[in-house]
Amino acid sequence: MLHGARVAVVIPARDEARWIAETVRSVPAFVDHIVVVDDGSRDGTAELARAALPAGDERLEVLVHAEARGVGAAIVAGYRRARALGALAVAVMAGDGQMDPRDLPRVVAPVVAGEADYVKGDRLRHPDVWRVMPLARLAATAALAALTRRAAGLDALSDSQCGYTAISARALDALDLGALWPRYGYPNDLLAALAARRLRVREVNVRPVYRGEASGLRARHVLTILFLIARGAIRRRLS
């Protein structure tokens, strides 16, 4: 628990055999529930996740999608399970180990304190970003954030694409989780949904972490994100 609130961490993972055990072990001790969602992996990710913690550590649960449904769908499955377990704050840490666990208390704290319904990590304001994040990713992230910020009316939004987040039970109960976009573009769609319901969104600085992996973002993904941003803008005007 953190300040008396039950906290869960959802870890979406697809073919993350290299990093999943390290990621699970890195989750801080104050977290009450760790929900790994294996989204159709073919490399033993689920088995490695189950073996990551010592026997008797009952915080860990591994859900398995027989076929890949998308990162958004994996996160939603984790949200639903965490809510069923009674979590009042639910964070997301990717299965590839790109979220520094030292930042987790900072990400979760505003939700636990009742100051925000949704907290996003902001890598772009961290002093290490120019040294760590590849320039092409930095430029694309900043551009998508600017478009999302305008479409959703979130004036302070800096890093729309960061997956290091925490959400309140109040927000989970208010959102139509089944209607959220299941694949690439999920963060932008979720931000639009939060804004449409006037839920409080905040950002906190987090460390950018990269290990030299190739980006999975393709032109078709960018087109999908642009579509979702435009759809979010229309929904906001109609709400």
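The values are calculated or read from the model by the stated rules, or taken from the named source; none is laboratory data. For clarity, every value in this text was computed on a predicted model and none was experimentally measured. Note: ideal-geometry Cβ built from the backbone for every residue, glycine included; neighbour counts use all protein chains shown.
Assuming A49 fulfils every condition listed in (1) modelled with pLDDT under 95; (2) closer than 23 Å to R183 by Cβ apart from one, which condition is it?
Unmet condition: (1).
Can you tell me which residue among R131, R125, R102 is among the basic types (K, R), under 30 Å from G44 (Cα atoms) and surrounded by fewer than 16 Cβ atoms within 10 Å (Cβ to Cβ)?
Details: R131 fails: under 30 Å from G44 (Cα atoms); R125 fails: under 30 Å from G44 (Cα atoms).
Result of the check over R131, R125, R102: R102.
With the requirement that a residue be surrounded by 13 or more Cβ atoms within 10 Å (Cβ to Cβ) and at pLDDT 80 or above, what does the stretch 198-223 give you?
Once the filter is applied, which keeps residues that are surrounded by 13 or more Cβ atoms within 10 Å (Cβ to Cβ) and at pLDDT 80 or above, the stretch 198-223 yields L199, R200, V201, R202, E203, V204, N205, V206, R207, P208, V209, V222.
List pairs: first in the stretch 12-31 and without any contact (Cβ under 8 Å) to a residue 60 or more places away in the chain and more than 16 Å from Y164 (Cα to Cα), second among the polar types (S, T, N, Q) and in a loop (DSSP other than H, G, I, E, B), Cβ under 6 Å, 6+ apart or cross-chain?
Once the first residue is without any contact (Cβ under 8 Å) to a residue 60 or more places away in the chain and more than 16 Å from Y164 (Cα to Cα) and sits in the stretch 12-31, its partners that are among the polar types (S, T, N, Q) and in a loop (DSSP other than H, G, I, E, B) give D15/S41.
What is the number of the single condition among (1) closer than 23 Å to F227 by Cβ; (2) outside any loop (DSSP other than H, G, I, E, B) that L154 does not meet?
Going through the list (1) closer than 23 Å to F227 by Cβ; (2) outside any loop (DSSP other than H, G, I, E, B), L154 breaks only (2).
Can you spot a residue in the stretch 69-87 that is touching a His at 6+ places or on another chain (Cβ under 7 Å), touching a residue at least 24 places away in the same chain (Cβ under 8 Å) and of a type in the set (V, I, T)?
no
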